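Visitor: Mind looking over this structure? Questions follow.
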There are 4 protein chains.
Amino acid sequence: MALKFVCVEDYEKHAAKVLPSYALEYYKSGADEEQTLRENRDSFKRWRLMPRMLRGVQNRSMNTTALGFSVSAPFGIAPTAMQRMAHPDGECATAKAAAAHGIVYILSTIATSSIEEIAAAAPNGNNWFQLYIYKDRQATIDLIRRAEKANFKALVVTVDTAVLGRRLVNERHGFDLPAHLKLGNFNNVDEKSDFQTQKKEGSRLAAYASVMFDPSLTWQDITWLKSITKLPIVVKGVLRPDDAELAVQHGVSAIAVSNHGGRQLDGVQATIDALPAIVKQVNGRCEIFLDGGVTRGTDVLKALALGAKMAFFGRPALWGLAHSGEEGVKNIIQLLKTEVDVAMALAGCRSVDEIDSSLVLRQELHSNL
Amino acid sequence: MALKFVCVEDYEKHAAKVLPSYALEYYKSGADEEQTLRENRDSFKRWRLMPRMLRGVQNRSMNTTALGFSVSAPFGIAPTAMQRMAHPDGECATAKAAAAHGIVYILSTIATSSIEEIAAAAPNGNNWFQLYIYKDRQATIDLIRRAEKANFKALVVTVDTAVLGRRLVNERHGFDLPAHLKLGNFNNVDEKSDFQTQKKEGSRLAAYASVMFDPSLTWQDITWLKSITKLPIVVKGVLRPDDAELAVQHGVSAIAVSNHGGRQLDGVQATIDALPAIVKQVNGRCEIFLDGGVTRGTDVLKALALGAKMAFFGRPALWGLAHSGEEGVKNIIQLLKTEVDVAMALAGCRSVDEIDSSLVLRQELHSNL
Amino acid sequence: MALKFVCVEDYEKHAAKVLPSYALEYYKSGADEEQTLRENRDSFKRWRLMPRMLRGVQNRSMNTTALGFSVSAPFGIAPTAMQRMAHPDGECATAKAAAAHGIVYILSTIATSSIEEIAAAAPNGNNWFQLYIYKDRQATIDLIRRAEKANFKALVVTVDTAVLGRRLVNERHGFDLPAHLKLGNFNNVDEKSDFQTQKKEGSRLAAYASVMFDPSLTWQDITWLKSITKLPIVVKGVLRPDDAELAVQHGVSAIAVSNHGGRQLDGVQATIDALPAIVKQVNGRCEIFLDGGVTRGTDVLKALALGAKMAFFGRPALWGLAHSGEEGVKNIIQLLKTEVDVAMALAGCRSVDEIDSSLVLRQELHSNL
Amino acid sequence: MALKFVCVEDYEKHAAKVLPSYALEYYKSGADEEQTLRENRDSFKRWRLMPRMLRGVQNRSMNTTALGFSVSAPFGIAPTAMQRMAHPDGECATAKAAAAHGIVYILSTIATSSIEEIAAAAPNGNNWFQLYIYKDRQATIDLIRRAEKANFKALVVTVDTAVLGRRLVNERHGFDLPAHLKLGNFNNVDEKSDFQTQKKEGSRLAAYASVMFDPSLTWQDITWLKSITKLPIVVKGVLRPDDAELAVQHGVSAIAVSNHGGRQLDGVQATIDALPAIVKQVNGRCEIFLDGGVTRGTDVLKALALGAKMAFFGRPALWGLAHSGEEGVKNIIQLLKTEVDVAMALAGCRSVDEIDSSLVLRQELHSNL
Ligand SMILES: Cc1cc2nc3c(=O)[nH]c(=O)nc-3n(C[C@H](O)[C@H](O)[C@H](O)COP(=O)(O)O)c2cc1C
Ligand SMILES: Cc1cc2nc3c(=O)[nH]c(=O)nc-3n(C[C@H](O)[C@H](O)[C@H](O)COP(=O)(O)O)c2cc1C
Ligand SMILES: Cc1cc2nc3c(=O)[nH]c(=O)nc-3n(C[C@H](O)[C@H](O)[C@H](O)COP(=O)(O)O)c2cc1C
Ligand SMILES: Cc1cc2nc3c(=O)[nH]c(=O)nc-3n(C[C@H](O)[C@H](O)[C@H](O)COP(=O)(O)O)c2cc1C
């Protein structure tokens, strides 16, 4: 009899069995010693829940908005590159699952499906586009125009990737996109061939990023982006309150507190630990999202209690995809919805508005008499 | 030669060997990642004892009162469902052991023995009835009337079960009451058949709880309960000082600080860590009980030092029951009495009144010079 | 080739191999879950050393005084019962080794050698007598008179043994003194037979203690002791500042901060963590000793830096004894002398007077900027 | 296919396979329980990085100065004795690798290559000489004169070695320099034979140090050193702010915060934890270096953020040497340069000047709301 899958870890374990090692290594790894990768998970456990009882929770709703758009849950799918390594349908399957569930889907710049493919697969989806700004600004503008045209609702500008973090397993074994796959957004253009012509030793993706991505970015580039598009802009990868302040001052619609799933600078804080100071600094002037280690309904609850408007998860969608494509991603979403619902019921929250900061307490504070 | 059993863990290990897996899984499990389940035990160890010497402890007594009733020990038996899975005599055996020892026994609503069977088995026992409030209020009132009639001394209203927590092992393997057992308090009525007709996938108990238990409860329902019965009311499952305040304001006789043995919302504080702030808030206006992880005499001592009037244990009684029914539960009670007695002697306490807050210190405070 | 023994752990591992299991279990065990037993060791590691450099440490001396008597090292041998289980020469060998080295030896009341045997074996030793006060006060007085007569220099009154702690391994397997050994101080008297006639189930020593030792002791008994002997009195087993205050007020010459090697009330603080508050309270009005987990020269250094006049060790002497009797104990003492000397040299201390409190820092305080 | 080496640990694991056990034991070990050895690594992980985004990091430079000399990286090679046990070219290979890379190399007094050999091997290197002050002051002066003549740029006076720390594995198995190697700086003089004639039991190096090194050193000897040489003086081994103050007052050019790689007094702080208080005390009056546990680019970043001018590493160079002599050490240096560069890019630092204290945060401070 097939074993029942009852939590995200079940899907992760299954993926570890069925994925080819190059894909698993790429998906799973973090930078250097993977301290931050582990911290992302462990830190959630250092925040204790303080549930309210007898709140009349017969009717519960986790509906909310993100950037003003209605969503059916306070969580969405973070951008992860190269999803076709997990399943032939890749990003299209993920986008369809998200659309079916009414949650946000964020497409990576370096996806193995194109902007247009996503638009075709999930025309009614709440699709957002994650943007890496290329040295070639015209190529960058082209991506934005295509996203606008394909009805993407927001630009998520990733700012933590001046260079690619050192994921040791990829450096050691090498990492390359399998021959039958391509970067969907560049399949007829130079960048594509650029990817394939990078030196193959180590991680070809690291080489690609170093040649193509623009490390000269400053906050002026956010001003520039705002001047060329009407799409709301989310800055992804902020970890310091003073950077959050700069983000607000440069007019972003939201800040995604993220450490890129522990894949960039190892040794940075877990995102759930970085969140409170940023929430305090921003003080409501823009929305705040969080990703990194979110695998449980209670993780979502904690992120919201600490001030996030939305939580995003990256790898769990990959594990769902590896399991059974669109169906697997739907299962993951459904599982998290169930878990958030149970967590809200048991914590005494009828709606996301009722998830306030008194619901969490750092473990170190337990002893206060 | 049979190994001597010298601590609760010995009984637990034995139970793990002799119980059928469906029973062990149900008894042992906590919700989700079982963080709180582990914390309940680990946190006791983070409070250090500060014993007094040379206190003339030749005569010691652990007699005390709970809700005004004399008891022979500052601990009692928490309500746990379906005890006949551990031993054919089930709840009756447990109640008899408690009565023989002069300690409190709390019968679960969803026991496999009925209120009346308990009354017959332990007519002189200090029996309390744990109440789940059903959507069907008449059924709820019937339970209360039967408990009153059967001479139960208190109602313990469990408020942390708006829905059942996700115990993954039960979700994974399914959980059902074996065919030869029934919910004792409903054996001739609709609820019984309801239990059996719940969908069998996953935990049938979770399905049952979701259909029968009332998630719409508010503090008004405590007021309502008080209006229909004279029995003292204990609210079980409070973890926040502000909820404790509400409990006091709604006239409860006692608050049971409990996280349902780590089986409901995972990630909440250990009860021993939640206790101090609640004791401070309540400030003597009602009694405070604690359950969760109590397996040693020193655990009881710590709970009392931090302000609890009584400590309760759930699983240890199940392990005793699995060992040898009434006899096994008696052994467990005797063991804990011995341990509490030794702990009191070594800490310099002649009576429970002498167990004051100076007897415990958080480990973090060791370094205060 | 024989392996070289270079630290106390080497002797402990050796003892674990050569001792009969009943002896090893009795020597090694702590009470209940052995949390305090572990803490005694672990806590030393939580105090960091802060060495001074360039202090001209060519001439170093660890000479000091204890109760006014000159000793060649700031450490001595704590009383441990029944040493003949480790080696036929038992306490006599230990006392001889201590005398040869010019350090304090404390003989247990329930030794397997008599007061007089020790006096004969180590006539020039700095021998102290550890006293359990018996219900039979005349027996107690007899012991004191014999110690006085045998030229013992101090009485160490153990106050943490109102009843014997529950050492589970002894409860489980039983514990009895082997037939060929006897309690040396009672070999012609009733107590001896009392020991042998205690119920044999579980620990016979626990039964003996419960019948013979007086749990009714109060601080008045210290006053009484002072009225009947001129020997300086050390109160052994104090863990709280307020008890230390009482000790001072009752005129003791020294307080031994001790948790009986984790063998009495489990869950109490490590002694090194209990020490600072007691040092602060006593403020020089009597000497303060410490035992529990001392196995390294740096442990001694830390105890002195935190205000102890002397550190004592119990089990390490037993491991030396098990290795080669007097010779083995001498090795242990020499090893610790070498370690203390190296630690003093590297910490910049020429004499024990220079071991001040600035030499240690709690690990939690590392981050203070 | 040969496995790719992508981090220092890869070289360490390789060295553990290829080095003879006497060399591995000597290189790898720390004193006593090796607590400080472990802490040196673990403590870096307790400081979290707080990276800045969007700082225009296309042009990055890790050039800096040490004692006024230009260096190509903010890290250098700490003095480690007897490098010819790792590779026939020993110290010469290390010095050449450092020179080729433009980083500082520090030669140990008790190297297996002489001052003159280093000068010949790396004539353009930024070579510094680590000085042990011998009881024989003329021998000491001779060493200084030879270092001056050989164009060494600084004297690094090690002050934490009044006696040699007890490295248990060396005590246990003995440690001696293999017959074909010699102390390069003493090969025609008495000291050489002294080394060989030390008692062979245990560590011959410990015996040598105890006979030759001068434990009577005080801060006056720093004054004396300054009176006899113009070379800038670095005091290596300071761990306390008050000692740092004395160092400044005695006119040193730099303080090396070091615990000798955990090889001297076990139980002292990790150097990264000792650094902040010393930086605060010194307040810019001299340069501050740090060594101990540096194996990652992020370690260097953290040390600089906390106020060090330079980080040094000892063992990593030995692992590189064991791998392939000069080539291996070059690989190690290149690896660390790459890691520092990536870390600077991801932390938003274009130059070492931009590495400020806001880039690190103690993990305990995460919870500050
Ligand atoms: C395999 C993988 C690929 C990723 N690719 C991108 C990407 O192309 N662009 C981006 O902004 N973030 C990318 N991320 C980071 C995610 O958006 C997100 O920050 C991270 O996965 C969250 O952590 P989680 O995986 O623990 O949920 C990637 C993460 C992973 C695991
Ligand atoms: C198997 C099991 C069944 C339980 N059933 C009930 C129940 O029916 N009603 C209730 O209020 N609490 C129930 N509890 C919670 C206990 O009353 C108590 O809060 C918990 O067991 C205390 O933790 P402990 O098991 O670590 O002692 C149950 C606990 C267990 C382990
Ligand atoms: C086997 C054993 C027997 C002991 N017997 C006595 C005793 O008879 N009287 C007493 O005061 N303490 C006794 N103690 C406690 C010791 O005096 C001392 O407090 C303890 O051993 C210190 O801890 P350590 O063993 O870690 O050094 C005993 C300890 C051990 C391990
Ligand atoms: C094998 C070895 C030999 C050493 N020899 C010396 C030495 O001769 N003189 C000295 O000042 N420090 C010596 N040290 C200490 C180093 O200079 C440095 O403080 C330490 O290695 C830094 O720690 P790391 O090895 O973790 O980088 C030695 C360290 C090692 C590991």
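Since every read-out is calculated from the coordinates, none of them should be taken as a lab result. Everything numeric in this text was worked out from a predicted model, so none of it was measured. Because the Cβ atoms are built from the backbone with ideal geometry, glycine has one as well, and the counts that use them run over all protein chains shown.
Visitor: Provide, in order from the shortest bin, the percent of all Cα-Cα pairs of region D:258-369 in each 10 Å bin, continuing until the bin that contains the maximum pair distance.
Guide: In whole percents, the pair-distance histogram is 13, 39, 35, 12, 1, 0.
Visitor: What's the local net charge at residue C:287, with K and R +1, D and E -1, over the other residues with C-beta under 13 Å away?
Guide: Values: positive: C:236, C:285, C:309; negative: none.
That sum, taken over residues with Cβ under 13 Å, equals +3.
Visitor: Across the residues of B:44-50, average count of Cβ atoms on other protein chains within 10 Å?
Guide: Values: counts 3, 5, 2, 2, 10, 8, 11.
Mean partner-chain Cβ count within 10 Å for B:44-50: 6.
Visitor: A further question on this structure: For a Förster distance of 60 Å, can you work out the FRET efficiency between the beta-carbons of residue A:145 and residue A:18, rounded to the nearest 0.05? Don't skip to the answer; put the middle values down first.
Guide: Values: r = 38 Å, r/R0 = 0.63.
Working from the Cβ atoms, E equals 0.95.
Visitor: A follow-up question, please. Nearest 5 is fine: what % of DSSP beta bridges in chain A come out antiparallel, could you say? Show your work: numbers first, answer last.
Guide: Details: 7 of 34 bridges.
Taking every DSSP beta bridge within chain A, about 20 percent pair in antiparallel fashion.
Visitor: Still on this structure, please answer the following. Check cross-link reach from residue B:302 to the lysines: straight Cα distance under 19 Å, and skip same-chain residues fewer than eight apart.
Guide: Those lysines meeting the cut-off are B:45, B:280, B:337.
Visitor: Still on this structure: Between residue A:135 and residue B:4, what is the label-to-label distance in nm when each label sits 7 Å out along the Cα-to-Cβ direction?
Guide: Spacing of the two 7 Å Cα→Cβ label points: 7.9 nm.
Visitor: Right, another one. So, in Å, what gap is there between the alpha-carbon centers of region C:200-266 and region B:6-52?
Guide: About 35 Å separates the Cα centre of region C:200-266 from the one of region B:6-52.
Visitor: Net charge around residue D:17, counting only other residues with Cβ within less than 15 Å of its Cβ (Lys, Arg = +1; Asp, Glu = -1)? Numbers along the way, then the final one.
Guide: On the way: positive: D:13, D:28; negative: D:9, D:10, D:12, D:25.
Overall, the nearby charge balance is -2.
Visitor: Still on this structure, I have one more. Based on the Cα atoms of the protein assembly as shown, what semi-axes does the equivalent ellipsoid have, where each is the square root of 5 times one gyration tensor eigenvalue, given in whole Å with the largest first? Mind dumping the intermediate values first?
Guide: Numbers: eigenvalues 569, 568, 122 Å².
Largest first, the protein assembly as shown gives 53, 53, 25 Å.
Visitor: Here's a follow-up. Relative to the longest principal axis of the C-alpha atoms of chain D, give the angle of the C-alpha long axis of helix D:271-282, reported between 0 and 90° and rounded to the nearest 10°.
Guide: The two axes meet at around 80 degrees.
Visitor: Moving to a separate point now. Full-extension gain between residue C:356 and residue C:230, please, as 0.36 nm times their residue separation minus the C-alpha to C-alpha distance. Could the numbers behind the result be given before it?
Guide: Details: separation 126, 0.36 × 126 = 45.36 nm, distance 3.23 nm.
Roughly 42.1 nm would be gained on extension.
Visitor: Starting from the Cα of residue C:210, step 7 Å along the direction of its Cβ; do the same at residue C:58; then give the gap between the two resulting points in nm.
Guide: In this crude spin-label approximation the distance works out to 6.4 nm.
Visitor: Okay, next question. Could you give me the ³J(HN,Hα) list for region D:254-260, computed from phi with Karplus coefficients 6.51, -1.76, 1.60 and θ = phi - 60°, whole Hz, x at Gly and Pro?
Guide: Listing the rounded values in order: 7, 10, 9, 6, 7, 10, 6 Hz.
Visitor: Right, something else. How much net charge surrounds residue C:259 when only the other residues with a Cβ under 11 Å from the Cβ of residue C:259 are counted, with Lys and Arg +1 and Asp and Glu -1? Don't skip to the end; give the middle numbers.
Guide: Numbers: positive: B:48, C:236, C:263; negative: C:39, C:160, C:266, C:273, C:291.
Once all neighbours under 11 Å are counted, the net charge is -2.
Visitor: If a/c stays under 1.5 just call it rounded; otherwise compare a/b with b/c (prolate if a/b is bigger, oblate if not). Do that for region D:10-110, with a ≥ b ≥ c from the square roots of the Cα gyration tensor eigenvalues. Provide the component values of the computation, followed by the final result.
Guide: Numbers: a/c = 2.19, a/b = 1.34, b/c = 1.63.
Oblate is the answer for region D:10-110, as a/c is 1.5 or above yet b/c matches or exceeds a/b.
Visitor: From the C-alpha gyration tensor of region C:215-280, pull out the three semi-axes of the equivalent ellipsoid (sqrt of 5λ each), sorted largest to smallest, in whole Å. Before the final figure, lay out each step's value.
Guide: Numbers: eigenvalues 96, 37, 20 Å².
Equivalent ellipsoid semi-axes, largest first: 22, 14, 10 Å.
Visitor: Counting only residues 5 or more places away or on other chains, whose amide H sits under 5 Å from the amide H of residue C:236 once H atoms are built in the peptide plane?
Guide: When sequence neighbours closer than 5 places are left aside, the close amide H contacts are C:157, C:158, C:159, C:256.
Visitor: Another question about this same structure. Report ³J(HN,Hα) in whole Hz for each residue of region D:53-59, in order, from the Karplus equation J = 6.51 cos²θ - 1.76 cosθ + 1.60 where θ = phi - 60°; Gly and Pro get x.
Guide: Values, residue by residue: 10, 6, 10, x, 9, 4, 10 Hz.
Visitor: How large is ³J(HN,Hα) for each residue in region B:226-241, as worked out from phi by the Karplus curve 6.51 cos²θ - 1.76 cosθ + 1.60 (θ = phi - 60°), to whole Hz, x for Gly and Pro?
Guide: For region B:226-241, the Karplus-derived couplings read 4, 6, 10, 9, 8, 4, x, 10, 10, 9, 10, x, 7, 10, 10, x Hz, x marking Gly and Pro.
Visitor: I've got another one for you. When you look at the Cβ of every residue in B:265-278, what mean number of other chain Cβ atoms sits within 10 Å? Spell out each step's value before the answer.
Guide: Values: counts 13, 9, 15, 8, 8, 3, 0, 1, 7, 4, 2, 4, 7, 0.
For this peptide, the per-residue mean of nearby foreign Cβ atoms is 6.
Visitor: Could you tell me which of rounded, prolate or oblate describes region B:149-291, using a ≥ b ≥ c as the square roots of the eigenvalues of the alpha-carbon gyration tensor, with rounded for a/c under 1.5 and, failing that, prolate when a/b is larger than b/c and oblate otherwise?
Guide: Details: a/c = 2.43, a/b = 1.48, b/c = 1.65.
Taking the square roots of the gyration eigenvalues as a ≥ b ≥ c, region B:149-291 is oblate.
Visitor: So how do C:21-33, A:24-36 stack up, highest first, on mean other-Cβ count within 10 Å? List each step's numbers first, then the result.
Guide: Values: C:21-33: 20.8, A:24-36: 22.5.
Descending packing order for the listed peptides: A:24-36, C:21-33.
Visitor: Residue B:263's amide H: which non-local residues (gap 5+, or another chain) put their own amide H closer than 5 Å, with H modeled 1.01 Å from N in plane and none for Pro or chain starts?
Guide: Those qualifying (amide H under 5 Å, at least 5 residues apart or on another chain) are B:31.
Visitor: Can you give the Rg/Rh ratio of chain B, where Rg is from the C-alpha atoms and Rh is the Kirkwood radius? Please report the intermediate quantities before stating the final value.
Guide: Working: Rg = 19.6 Å, Rh = 20.7 Å.
Looking at chain B, the ratio lands at 0.95.
Visitor: Per-residue ellipticity at 222 nm for chain A, helices alone: DSSP H runs ≥ 4 residues times -39500 (n - 2.57), over residue total, nearest 500 deg cm²/dmol? Before the final figure, lay out the partial values.
Guide: Details: 14 runs with 158 residues, N = 369.
Mean residue ellipticity at 222 nm (helix-derived): -13000 deg cm²/dmol.
Visitor: Now a separate question. Taking every residue in C:329-342, how many Cβ atoms of other protein chains lie within 10 Å of its Cβ, on average? Mind dumping the intermediate values first?
Guide: On the way: counts 0, 0, 0, 0, 0, 0, 0, 0, 0, 1, 3, 0, 1, 11.
That works out to 1 on average.
Visitor: Let me ask something additional. If amide H atoms are built 1.01 Å from N in the plane of the peptide, which residues on other chains or at least 5 residues away come under 5 Å of the amide H of residue D:292?
Guide: It is D:312, D:314, by chain and number.
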